[in-house]
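Report on the structure given below.
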Amino acid sequence: MAENNNFDREFCGNLAIHQTNSIQDYGYLLVLNSSDLNIIQGSENIADLTGMDIRTLIGTSFVDFLNEEDKERFREEATRQGRTRVPFNSTISGNGFNKSLNILLHISREIIIMEIEEADLSSARTFSEVFQEVRSFISTLEGIEELEEICKTSLAEIRRLSGFDGARMYRFDTQWNGTVIAEDIEGALESYLGQTFPASDVPKQARALYIRNPFRLISNRNYKPQRLFPVINPATNGFTDLSDCNLRSVAGVHLEYMANMNVSASMSIRVMVDGKLWGLISCHHVAARHPSFELRSIFEWLSMEISHRISSVLKQEQLKRSHEILLLQGEIARAVYQRSDIVLGLMEEGYQSLLSLFKCSGMIISLNGKIHFKGKVPPREELDNLLLWASGMGFSKVFSSNELSRSYDEAKSFQQTASGILSIPINSKNGDYLLCFRPEAVKDIKWGGNPNQAVNFDQDSPQYHPRTSFKLWLQTVYGQSEAWSETDIEAAESLKNFLMEFSSSLVL
Ligand code: BLA
């Protein structure tokens with residue numbers, strides 16, 4: 001773990017990235033009143049599209065720019081109930097111009113935010129050609145059972161379609177650090193395969209936006225930000241919330257980060273598992289790059305398909321493990337019943353099953369004031385104190401830690417044998433516990449740059465910057481075992497219930 005992992009909470013995570021009041025310059029933004037569809041706010045570059053300054057456009061109707069046949073269609077789309085995100089392709093004309101546009105409407109009760117881009121008519125391939133290719137890719141994906149292979153195949157496809165110099169599969173851990181688990185790059189991009197990046201690199205509010213939007217595109221980090229006019233949205237009396245806008249301008253600290261990585265364009269596509277952000281497919285290009293509106297909708301679709309495939313492979317693994325657990329639990333219960341005794345059942349008959357169930361290497365049982373132990377456990381002279389600590393904590397539920405010395409300081413002296421502990425109460429009031437141990441698993445974390453310098457402060461100023469180097473920074477972590485999974489904890493809870501019931505049935 002990085003020494004200082006509060007950067008996400010204290011700095012980067014607090015930037016109001018949804019209220020930047022400006023947009024990237026690859027498109028235009030207008031805000032309409034939902035009631036009369038009049039323009040109430042817009043980006044300053046709208047003059048490039050319409051030939052009219054935003055100050056002149058305020059109070060006029062956007063519908064007037066549309067061709068006759070689109071006017072009614074627009075009114076219907078913009079006022080249709082129950083839809084919040086509506087694409088609207090159209091042509092607008094004015095004094096001597098006629099432009100094809102891709103428009104995305106974000107509809108809410110009071111306002112409609114319009115993101116407008118000029119359509120890319122130069123594309124060599126039609127949408128339906130790309131659609132057919134992607135369908136064929138998806139059938140290939142369906143046949144792949146290995147996570148690594150799914151990642152590699154997906155990255156190759158996204159690179160082929162997007163033409164970016166590189167794509168990486170970035171997987172979050174439980175602390176929201178992320179590791180590059182697959183990579184497909186060429187040219188000047190540095191390899192980050194196997195490297196871990198601290199949570200603050202993609203801070204919490206930026207991660208949260210992927211729950212609403214499947215991707216984020218920054219097509220040129222040297223874009224000229226286009227401010228919104230007026231600054232305060234007259235309908236909401238605040239800054240316009242740009243959370244859902246692709247055009248939303250980018251936090252300065254992230255633009256610096258991109259410069260430090262030597263990339264001009266960045267596109268990230270979410271991977272969701274069980275309704276949570278599992279990872280990002282991060283694409284980089286050394287020069288500026290702007291995938292078309294249509295291609296981006298293909299990436300939204302791919303994001304869904306890749307997420308489904310990864311979810312189903314992970315679910316498959318989980319099912320396999322759950323089945324294994326059920327069998328082992330059955331064997332353990334049978335062993336205890338056969339011996340009619342918890343200690344004999346767990347320590348002799350069911351011992352191997354228990355080791356396999358919790359992937360542990362030793363255990364102790366304290367029952368009716370007597371201590372029994374087997375396998376690799378802390379030294380005998382430590383056991384009384386360890387049990388006193390466990391009963392002092394009064395754990396009536398399963399307690400688990402993969403770093404026992406964090407909660408119990410004395411554990412440092414025996415961390416090689418027992419860094420991980422799973423404490424299963426049999427009768428907590430009596431001090432009766434089953435404790436299972438996992439040995440220390442010394443782990444090397446290959447950080448992408450020193451995580452303790454993820455944020456660098458200017459002297460005498462509140463300004464801060466991201467780190468400038470992403471060169472491998474090795475951290476060796478001692479005193480931790482393999483982590484206990486949710487499935488381990490569930491299995492432990494179920495064993496606890498069985499042991500409690502069994503011991504009370506003996507008393508009766
Ligand atoms: C955003 N940071 C991001 C994004 C990525 C990363 C993928 C989403 C936007 C995008 O697609 O570019 C980080 N990209 C990575 C990482 C890899 C990669 C880790 O390819 C590894 C291979 N960033 C900092 C610090 C702060 C910070 C110190 O380093 C804050 C103090 C903030 N990162 C930050 C912010 C955003 C961001 C605010 C959101 C930018 C936005 O959407 O406007």
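Quick notes
- For the stretch 440-455, the candidate set comprises residues that are of a type in the set (A, V, I, L, M, F, W, C) and within 16 Å of the ligand (Cβ to nearest atom); within that set, the residue that is farthest from Thr196 (Cα to Cα) is Val455.
- Ile445 meets all of the listed conditions (1) under 22 Å from the mean Cα position of the chain (by Cα); (2) closer than 26 Å to Val263 by Cα; (3) not in a strand (DSSP E or B) but one, namely (3).
- Close pairs (8 angstrom Cβ cut-off, 6 or more residues apart or separate chains): under 12 Å from Asp201 (Cα atoms) and within 12 Å of the ligand (Cβ to nearest atom) in the stretch 463-474, of a type in the set (Asp, Glu) and at pLDDT below 90 anywhere: His465/Asp458
- Residue pairs meeting the criteria (Cβ under 8 Å; at least 6 apart or on separate chains; first of a type in the set (Phe, Trp, Tyr), in the stretch 366-383; second assigned to a strand (DSSP E or B) and crowded, with 16+ Cβ neighbours inside 10 Å): Phe373/Gly362; Phe373/Met363; Phe373/Ile364; Phe373/Ile365
- Residue within the stretch 171-182 that is touching a Pro at 6+ places or on another chain (Cβ under 8 Å), within 16 Å of the ligand (Cβ to nearest atom) and assigned by TED's automatic domain parsing to the domain that holds Ser219 present: yes
- Restricting the stretch 1-57 to residues that are part of a loop (DSSP other than H, G, I, E, B) and small (Gly, Ala, Ser), the residue that is modelled with the highest pLDDT: Gly27
- Restricting the stretch 182-208 to residues that are surrounded by fewer than 18 Cβ atoms within 10 Å (Cβ to Cβ) and in contact (Cβ under 8 Å) with a residue 60 or more places away in the chain leaves a set whose member that is farthest from Arg467 (Cα to Cα) is Gly187.
- Residue within the stretch 142-156 that is among the basic types (Lys, Arg), over 22 Å from the mean Cα position of the chain (by Cα), more than 16 Å from His284 (Cβ to Cβ) and not in a loop (DSSP other than H, G, I, E, B) present: no
- Being more than 16 Å from the ligand (Cβ to nearest atom) and under 21 Å from Tyr26 (Cβ atoms) holds for only one residue in Ser292, Ser311, and it is Ser292.
- Residues of the stretch 21-41 satisfying the condition of being over 32 Å from the mean Cα position of the chain (by Cα) and among the small types (Gly, Ala, Ser): Ser34, Ser35
- Given (1) in a loop (DSSP other than H, G, I, E, B); (2) within 10 Å of the ligand (Cβ to nearest atom), index of the condition Asn220 fails: (2)
The values are calculated or read from the model by the stated rules, or taken from the named source; none is laboratory data. All values derive from a computational prediction rather than experimental measurement. Don't worry about glycine lacking a Cβ; one is built from the backbone with ideal geometry, like all the others, and counts go over all protein chains shown.
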